[in-house]
1. Residue by residue through the stretch 307-322, note down the ones that are touching a residue at least 40 places away in the same chain (Cβ under 8 Å) and open to solvent by 20 Å² or more (accessible area, probe 1.4 Å).
2. In the stretch 239-259, which residues are open to solvent by 60 Å² or more (accessible area, probe 1.4 Å) and at pLDDT below 80?
3. Inside the stretch 498-546, can you point out the residues that are farther than 30 Å from A667 by Cβ, open to solvent by 70 Å² or more (accessible area, probe 1.4 Å) and in a helix (DSSP H, G or I)?
4. Within the stretch 208-218, is even one residue free of Cβ contacts under 8 Å to residues at least 60 places away in the same chain, open to solvent by 60 Å² or more (accessible area, probe 1.4 Å) and in a loop (DSSP other than H, G, I, E, B)?
5. Say whether the condition of being touching a Lys or Arg at 6+ places or on another chain (Cβ under 9 Å) and at positive phi is met by at least one residue in the stretch 196-203.
6. Pairs, please: C-beta under 8 Å, at least 6 apart or cross-chain, first residue in contact (Cβ under 8 Å) with a residue 60 or more places away in the chain and in the stretch 509-538, second open to solvent by 30 Å² or more (accessible area, probe 1.4 Å) and part of a helix (DSSP H, G or I)?
7. Of these, I436, I458, which one is surrounded by 14 or more Cβ atoms within 10 Å (Cβ to Cβ) and modelled with pLDDT of 80 or more?
8. Quick one: which residue in I359, I371 is without any contact (Cβ under 8 Å) to a residue 24 or more places away in the chain, among the hydrophobic types (A, V, I, L, M, F, W, C) and more than 21 Å from V448 (Cα to Cα)?
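The values are calculated or read from the model by the stated rules, or taken from the named source; none is laboratory data. Keep in mind the model is a prediction, meaning the values are calculated, not measured. Cβ placement follows ideal geometry from the backbone for every residue including glycine, while neighbour counts extend to all protein chains displayed. With ligands, DNA and RNA removed, areas are computed over all heavy atoms of the protein, side chains included. Shrake-Rupley method; radii C 1.70, N 1.55, O 1.52, S 1.80 Å.
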Amino acid sequence: MSIIERIYNPEEHYWRNVATRTILVVLTTFLIVWFLPRNEGKQFAYEVGEPWRYGTVIAKYDFPIYKTDEALSKEKDSLLKEFQPYYTYDHRTESKNITRFKQDFAKELPGMPTMYKDIIVDRLHRLYQAGIMETQNYNLLAKADTAGLIRVVFGKNAESIVINCIYSTMSAYEHIINDGALATEKGELQRLNLNNYIEANLIYDKERTETAMDDLLSGVSPASGMVMSGQKIISVGDMVTEYNYRVLTSLEKEMERRSATKSQMTNNFIGNILYVFILVLAFTYYLGLFRRDYFSKPRSITMLYAFLTIFPIMVSLMMKHNYFNFSVYILPFALIPIFVRVFMDSRTAFFTHVITVLICSAAVRYQYEFIVMQLVSGLVAIYSLREMSSRSQVFKTAVLVFFSMSVTYLAIKLMQSGDDFSLDTSIYYHFLINAILVLLAYPLMYLVEKAFGFISVITLIELSNTNKGLLRNLSEVAPGTFQHSITVGNLASEIANKVGANSTLVRTGALYHDIGKMVNPAFFTENQQGGVNPHDNLTDKESARIIIEHVANGVKIAEEAGLPVTIVDFIRTHHGRNVTKYFYVKYQNEHPDEIVDKELFTYPGPNPYTPEQAILMMADTCEAASHSLSEYSEENIANLVDKLIEQQVADGCFKECRITFYDIAIAKQVLVERLKAIYHTRIQYPTRKKE
């Protein structure tokens, strides 16, 4: 069965196509809906000082007017200024340390009269009675307010004490050292290390303090008024005031709180499924109606639906978690149309971009603004970057994307502005990040190629470099074949330009189509420089086998070198299922009574199945046969080209590719004109007749 039958036979592949498309639609819808934000309530875009652009808003239920975070914070701070933290008085600390002091100095005080012992004990008693706390805690409280109060718990009672009436461990030591009654013995006092007997007896009560603080703050009401059911909140055209802004914000909070109910969650989930399913289904129908050939290429479908899924998931995650406080405008949506345009076509690129943006809009707040800006940036990307063949093209596209988003945002804000126009310039930093990320299209191109099996213009240009790799080896091992390949590449590229095919692809394929001749270069006439022809010592079957093997050898060499599958296919198809007619006819003439097995003289194929492969076959055949002409006149060249291509058409070489008779006619015309230029055909000058 031919390739065209395998791809487009509706009877054989109907159910498989239906199953494939159903799985794609269901899986894509499931993944997107799973990540979409839920229970967000309806969101509006509004700012203080701007007119209300939506319809009149009527309260459907009673809800409180919540205070702003700033107002709540100020109110709480005001209460906390008067708050008294709790400390527990530990009476055991005094007796423990004074007893230890008496024991340590039971006999005498070194260098001091005995009477000072009672004075020191008295001063320690006074300090402990006043209260001592840790120096660090004391400094924090004193720094806030020296006249502040703390609550000291004595058993079951609590008493408020002014902070500057108590001591820290450090100030207690300084107080006893500087005591007037002990001033004459200050030097000896310092040697006693009295700080060893000074310990905090006011212990911070964390649990009681936090409980009291929570009770105090719980009394702060988060609301400062009520909106009654049926009350008008704002009408279209009204200016958004500070009060309206607070009411609208409260409405959104209430809607979000109410949406957490089970029925609301179910409705939200069903709505997301229907919305995403309709858009994904529309995208699938577009491919089925206008780009049916993509369904025959699993990697093409994988890339398209991957873009359709990845970007909505990224937007949903950003909206849910608000990573680094960035907006969704840093995401380079322009990469979608860029990659699809480079590897497929403009229409599919635009349609893929539109569907992706519409799906993503379900997760964002400012839907109108988001959709318009992303559509404009996508169109700019498609128009500015048709082929990614140089880094400068990507840079220009990034600049144009940044400029288009900036201007579109300004235009939207001007349309929405009131009397006092204000522009959030910080959003332009997000546009700049977006443009920088668009520059990643150049390095990401390699990953997309490897992941989905495509081949870009950049790769084709790299493969066309004749100074390295297989092409350099070909020029050294088989110079005649190398020159033939270059000529065929130029001919095929010219034809492709005329008929709208991929000229870079066909030229690169032409450069590699005969690399299999490196195995036995002397067996091909273009490499025989007037020497002995090795075919003279072989039978026709052996000669045909060696000639035919250059296709298999070329495929093997190309695969070992890691050439893309698209280029390898040019090697497989450049002779199609044609016959090595020279040896086939010669063998028939020498064996007229024998039934000849034609397969022994037939190339393995397959026949070309893309227009580029068909163009290469025509250019290759005509260029090779043109060397056999005895005279390079326009008539001879035209007859040769017409005869060879018509024979290929008659043999069915082009039945499996989408090439028209018009394209074939253009190819003939180009081949004739180019071959005439190559062989410098001139008009024949008349000779003078004898009288």
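1. F307, I313, L317, M319, K320
2. K253, E256, R257, R258
3. D536, N537, K541, E542, R545
4. no
5. no
6. Final answer for the pair search is G509/T566; E526/Q483; E526/A624.
7. I458
8. I371 is the lone residue from the list that is without any contact (Cβ under 8 Å) to a residue 24 or more places away in the chain, among the hydrophobic types (A, V, I, L, M, F, W, C) and more than 21 Å from V448 (Cα to Cα).
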